[in-house]
Amino acid sequence: MWLAAGVTDMRRGMYGLAALVETTLAEKAYGGDVFVFRGRRGDLIKVLWADRDGLCLFAKRLERGRFVWPLAASGTVHLTPAQLSMLLEGLDWRRPARTWQPLHVT
């Protein structure tokens, strides 16, 4: 799962975003990876991925607040499934805090 750093024109549809993945990010849009894009205002994201049947596009707009985004102007940031889940909920996925400390087994 890849987060596209910087701002993306949210008027782009699935094929425009796929072209952006191929040209700007130099990744394979149809390779099965998930790509997340954010607009200028920060309240809208689009998630693009390809499955066996075709290209999929998911969009979410927050009624209040903004999606947490890295400060980098370009490139990508790798996300875990848990981080993507937090991002979609509008939570700060960059520094989640555990409510307990894991035990170190030696």
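The values are calculated or read from the model by the stated rules, or taken from the named source; none is laboratory data. Everything quoted here is computed from the prediction, not taken from an experiment. Neighbour counts run over all protein chains shown; Cβ positions are idealised from the backbone, glycine included. Heavy atoms of the whole protein, side chains included, go into the accessibility calculation; ligands, DNA and RNA do not. Shrake-Rupley method; radii C 1.70, N 1.55, O 1.52, S 1.80 Å.
Taking K and R as +1 and D and E as -1, what net charge do the other residues with C-beta under 15 Å from the C-beta of Leu55 add up to?
On the way: positive: Arg12, Lys28, Lys46, Arg52; negative: Glu22, Glu27, Asp33, Asp51, Asp53.
Local charge sum for Leu55: -1.
Taking 0.36 nm per residue of sequence separation and subtracting the Cα-Cα distance, how much length would be gained by fully extending the chain between Asp53 and Leu103, in nm to one decimal?
Here the segment from Asp53 to Leu103 would lengthen by 13.7 nm.
Write down the accessible area per residue of segment 46-106 in Å², having rolled a 1.4 Å probe over the full set of protein chains. Intermediate results must be reported in sequence, preceding the final value.
Values: 4820 Å² over 61 residues.
Counting only protein heavy atoms, the per-residue value for segment 46-106 is 79 Å².
Could you list the residues of segment 38-75 with an amide nitrogen less than 12 Å from a label point located 7 Å from the Cα of Thr24 in the Cα-to-C-beta direction?
Output list for this probe position: 38-40, 73-75.
Cα axis of helix 14-23 to longest principal axis of the chain: angle in degrees, 0 to 90, nearest 10?
So the inclination is approximately 80 degrees.
Of the options Val68, Gly31, Val47, report the single residue whose Cα projects farthest towards the positive end of the charge dipole of the chain (beta-carbon charges: Lys, Arg +1; Asp, Glu -1).
Most positive-ward Cα: Val68.
About its Cα centre, how strong a charge dipole does segment 52-106 have in debye, to the nearest 20, once Lys and Arg get +1 and Asp and Glu get -1 at the Cβ?
In debye, rounded to 20, segment 52-106 gives about 100.
To one decimal place, what Kirkwood hydrodynamic radius in Å is obtained for the chain from all pairs of distinct Cα atoms?
So the Kirkwood estimate lands at 14.7 Å.
Using Cα pairs closer than 8 Å and at least 6 residues apart in sequence, work out the relative contact order for the chain, in percent.
29 percent
When the accessible area of the chain is computed with all protein chains present and a 1.4 Å probe, what percentage of it is carbon and sulfur?
53 percent
About its Cα centre, what dipole magnitude does the chain give when the only charges are +1 on Lys and Arg Cβ and -1 on Asp and Glu Cβ, stated in debye to the nearest 20?
The calculation lands at about 400 debye.
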